[in-house]
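Structure record follows, encoded as structure tokens.
What follows draws every value from the coordinates through simple rules; no lab data is involved. Only a predicted model underlies this, so the values are computations on that prediction, with no experimental measurement involved. So basically every Cβ, Gly included, is an ideal-geometry build from the backbone, and we count neighbours across all protein chains shown.
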Amino acid sequence: MKKKERWPMYFSVQEQKELGLRKSQVARNLNVSRNTVIRLWDMTVDEYKRFLDGLESRSKKLDAFEKEITSWLREYPDLSAAQVMDWLKERHEGMNIAESTVRSYVRGLRMEYGIPKTKRIRQYEAVEELPMGRQMQVDFGETKLRHPEGHLVRLWFITFVLSFEIQVCTMAGQALYNIGCRRCSRTGL
């Protein structure tokens, strides 16, 4: 919000305060946060002017790394804020900064320097059929199971299915759901 846009809000809060409205009513009427109304409630015009001047000169935690981050974004336009954060932590030991701070800073840099986030489209294509036992699908998973003592236990698992086993289960068709498939230990639902 620009400085010119903030003054009408301040005067609206002060005007409704003079009418005798409560802070929560003023917040609803102006469609702003109650915390904003509380902050503006007892401010004088001079205090509010100093407050606005302070907003303009406020520095950001990541300003020291602006050139470095900008060069990364120009070189790798599809870079995410999470990746930027990882790179910063790798290169600058002891950096303690929140993810949301990095996200908003990267978003601001993209807007300021006109660096759009490009998405690379993955090319999918059919894989050549391989002989039995030469191709495998791997899936990872996580579930929670109840321990005999009553508490929940998190279980991580990995499954491997050879290509021919998938074909056998697929060919079993409806029988798979009725009696289960012994070959891949699937049971009917």
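Ala64 - would you say it is over 22 Å from the mean Cα position of the chain (by Cα) and assigned to a helix (DSSP H, G or I)? Spell out the reasoning first.
Values: over 22 Å from the mean Cα position of the chain (by Cα): yes; assigned to a helix (DSSP H, G or I): yes.
Judged against the criteria, Ala64 is a match.
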**Report entry** Filtered residues of the range 106-134 (kept if among the aliphatic types (A, V, I, L, M) and either in a helix (DSSP H, G or I) or touching a residue at least 40 places away in the same chain (Cβ under 8 Å) (or both))
**Finding:** Val106, Leu109, Met111, Ile115
Report task. Could you run through the range 75-105 and say how many residues are touching a residue at least 40 places away in the same chain (Cβ under 8 Å) and either small (Gly, Ala, Ser) or surrounded by fewer than 12 Cβ atoms within 10 Å (Cβ to Cβ) (or both)? Result -> 1
